[in-house]
Each structure stands twice: as C-alpha cells, then as structure tokens.
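Just below is one structure, and these are the notes that go with it.
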Amino acid sequence: MSNDIFITETTIEGGDDGSLADTTVAVKDNISTEGVRTTCGSRMLEEYVPPYDATVVSRLKEAGATIVGKSNMDEFGMGTTTETSFFGPTDNPAAPGHVPGGSSGGSAAAVAAGEADVALGSDTGGSIRCPAAFCGVVGIKPTYGLVSRYGLVAYGNSLEQIGPFANTVEDAASLLDVIAGPDEHDATTREPPYDEGADWSDSDGEIDGTYADAATGDVDGLSIGVPTELLEGADEGVVETFWDAIADLEDQGAEYHEVSLPSVEHAVEAYYVIAMSEASSNLARFDGVRYGHSADADGNWNETFARTRKEGFGDEVKRRILLGTYALSAGYHDKYYKKAQDARAWVKQDFDDALSEADVLASPTMPVPPFELGESLDDPLQMYLADANTVPVNLADLPAISVPAGETDGLPVGLQFVGPAFGERRLIRAASALE
Ligand code: GLN
C-alpha cells in the first residue's frame, strides 16, 4: 500500500450483507469514525479519536462496506492540491509527479490507485470534483441538503457536502444511494423531490429509481448549456478535450448551446470571503481545551490558546482564519461579508436562468491540468483562481459531477455537469454517456 494516500490505515468491517458488501471504501479524514483517529490533515487533531461515527459512516457500515483507511487531505479541506496536509503530499497515481488535486486528494488517489473500490470526500468549493478530474476518476458533489453533514468536521458549513468517488459513474451513484437522504442529526437534510428532468427523452412520470439506475448512458434529446465564462482563460488542451467530449455527446443525440453566467466573474471572491468567514468561526473550537493538540503554558489560558493554535495550524489555515476574522469584524462586515452574500444570491439566480434553458450545464471541471508537485504552493491567489469553475456551484447549492473526458499531454481532464437542485439523476445519466 502506498502510504501517502492514507493518513491512517485501518480495517473497519461493516455488516454482513447490504449493497456494499465486498466493497472497500476510503474515507476522507475529516469524516468522523468512532475509535479511529480523524485528523483533518492537521497537527491540531493528530491524536484526536472521535467518540461517534458520522452518519455517512454508519450508513456505510449498515450497507456492509469495509473501510480501509482515512485518506489524506489539505488541512481542514483548505486547498486544491492536498499539499497543505500536515502529513505531507500525495502523489497522483494517474500522473506521477503531479498533485492529485484537493482537498480530497487522498480519496481520489485511493480509487485511482486501486487501494479502495470507492471513496468519500467532501466538497466545499470543488474538493471532490477537482481531485476526481486530476486523478481521472468520477466524483459527485451532491445538492446541499441531500447528504448528512453530521460528523463532518466543519470548514465552510453553508457550502459543503460529502460525496462519492468511483471508477465508474454507476459505482459513484451506488455509493450516493447509500449515503443520501434525510438525517435527524442534520436539520439541513431533506427528502429529495422527484426530478422531472431526469427522464428527458422518455418521461413516464413514474417514481424515481435509484441513483445507480440512472446510469443508463442514454443522452438522446439531452439539452446541454455551455457557460461561455467557464471556458475563458482555460488551458487550450483542456478546452480541446472538453469540446471533443461535447462532440461525442452530440453524436449520441444530445444538443448543446451556449449560455451565460455573468455573475461567475465574482464567484471566486465571494466564495473565499464566505468560506474564510465560516472557517474563522468553525475553527474557533480548537482552543487546546476541548479537542486535540494542547500547548502547555503553565495554566495561563490566553497563552495556552495562542500557542496551541500557533503550533497546531499550518500557514494556509492561519491565513484563512485571519482573513475570515477580518471580513466579519465590526466595520468591515458590510463591506465584505454582506457583499459576498449578495454575490451568492446573484450566482444562484444566474444558474436558475441558465438551467431554465437546458437540462444540464457543462464545462471543464478544472481550467488547468494537474500541477506538478510543489509548483503552486507559493502563490495562494493562483491556487484560489484554479477553483473558478467549481466554487459557483457551491455558492448556488447545486449538484455537480466530474467525469473523465480524456487527456491533454498525458494528463487527465475532467468534464463537469451541473444540474438543478436535487437533479442528481440527470447528471448521472449524462455523465454515464461519456464512459
Ligand atoms: N480549493 C477550495 C478551498 O481551498 C475548495 C476546498 C474544498 O472544497 N474543501 O477552499
């Protein structure tokens, strides 16, 4: 086993039968596992062992899955390369010498390397879709409220969802079938409504089948909107691979037209203000008293708190706590946080408009192919901009899937489909046509 994929290797056996019996699963290390340490890729939680399972983990066990490890990740989910992990980087099995993407890089790499059949990640601004694209596997970011966040260590709680990775769309959908659905421990979850657009060519108005049933590979009559803004500034080879995939879908009976999402120009700024603000609040609990690392400062509380956080958090996490605290502080709240919330509402409206003219939207998942290891760490702004195509979806609470679209210079390229709220089935159906 390559030990840069897992922070902790383990064997957690599930029940004897169920839809995931004989299936091995890697679980991102910000998802709580009872009795097995859950570090969030941070020194702060290096020794932290949760006393309970996240709801998704309970559901994995009930479905008979075997959890084989807690996978590497950017510290607290903050990053696009898995290089901000306290435990070191993960190599990309599909493109050695390159990053696996992030923040759920270990989970995507586990699937790409065959260390697990499927995996769970979390996606606050692209952390499932980016590593899926970079490692050449499938990743689904569910609609906000479809999957329970109970037991997920919060980074940007209004943005994030847990979701599946797999080698095929159908396997990712089967894992979604296991984890999706209301949970009494997470009041933001709900029963998904019927997706009227799931059966665009032969709608029978009948009840929904499973998510896995939707992987029919049939895109005859599918209408695809391509937001022009999400192609601007993208790498040439990535754009070429994207259009080849669209042509392939056209050959199978789909139709595409261009649409516009003018607000996405402001999405990265809005996302980082909101995500950092929420992070500064969510990470306040790591105070050296309740969880994990604790510095010893002879009983001086202020000194203990300061030293614990200085030693426990890495640079990227500190940067975000500082910026988030600043954005929320009296006098600046309206200038940054409120503006970002307004931009978020605008992004939602834009997606609603675009999706009224198309069944799904399509774009490259990432505007660039995977970076070389070590290439991007010095320039945080460059790294934030790489999230341009994924963060708008989280701002709008919508579902998206990244599916392998081909390669450019031997490096994997992912195609992202975005759908309306609770439109996972149509995404699964569309994506399965590219396999
Ligand atoms: N790269 C984005 C960030 O650093 C997304 C991370 C995520 O989805 N957890 O915030």
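Checking 362, 354, 340 one by one, the residue that is in contact (Cβ under 8 Å) with a residue 60 or more places away in the chain and touching a Gly at 6+ places or on another chain (Cβ under 7 Å) is 354 and no other.
A quick yes/no check of all residues on (1) under 20 Å from residue 8 (Cα atoms); (2) of a type in the set (Val, Ile, Thr):
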site	(1), (2)
61	yes, no
101	yes, no
104	yes, no
108	yes, no
124	no, yes
141	no, no
152	yes, no
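Looking only at region 101-131, residues that are in a loop (DSSP other than H, G, I, E, B), under 16 Å from residue 85 (Cβ atoms), more than 7 Å from the ligand (Cβ to nearest atom) and of a type outside the set (Ser, Thr, Tyr) come to 1 in all. Of all residues in region 263-288, those satisfying the criterion of being of a type outside the set (S, T, N, Q) and more than 25 Å from residue 329 (Cα to Cα) are 264, 265. Residues that are touching a Gly at 6+ places or on another chain (Cβ under 8 Å) and crowded, with 17+ Cβ neighbours inside 10 Å within region 219-239 comprise 219, 222, listed in sequence order. Being assigned to a loop (DSSP other than H, G, I, E, B) and within 12 Å of residue 120 (Cβ to Cβ) is a property that residue 20 has.
For region 55-91, the set of residues classified as assigned to a loop (DSSP other than H, G, I, E, B), within 16 Å of the ligand (Cβ to nearest atom) and buried (at least 23 other Cβ atoms within 10 Å of the Cβ) consists of 72, 73, 74, 78, 79, 80, 81, 82, 83, 84, 85, 90, listed by residue number. So, residue 153, is that one within 12 Å of the ligand (Cβ to nearest atom) and more than 18 Å from residue 372 (Cα to Cα) or not? It is true that residue 153 is within 12 Å of the ligand (Cβ to nearest atom) and more than 18 Å from residue 372 (Cα to Cα). Going by what's in this entry, would residue 202 be described as at pLDDT below 95, part of a loop (DSSP other than H, G, I, E, B) and surrounded by 13 or more Cβ atoms within 10 Å (Cβ to Cβ)? Here the answer is no, as residue 202 does not meet what is asked.
When the residues of region 350-407 are filtered to those that are within 12 Å of the ligand (Cβ to nearest atom) and assigned to a loop (DSSP other than H, G, I, E, B), the one that is farthest from residue 143 (Cα to Cα) is 376.
Consider region 240-286 and keep the residues that are surrounded by 18 or more Cβ atoms within 10 Å (Cβ to Cβ) and in a loop (DSSP other than H, G, I, E, B). The one that is farthest from the ligand (Cβ to nearest atom) is 254. When residues in region 287-316 are screened for being within 16 Å of the ligand (Cβ to nearest atom) and of a type in the set (Asp, Glu), 2 of them pass.
The values are calculated or read from the model by the stated rules, or taken from the named source; none is laboratory data. Worth saying up front: this structure is predicted, and the values here are computed from it rather than measured. A quick note on method: Cβ atoms are made from the backbone with ideal geometry, for glycine too, and the neighbour counts reach across all protein chains shown.
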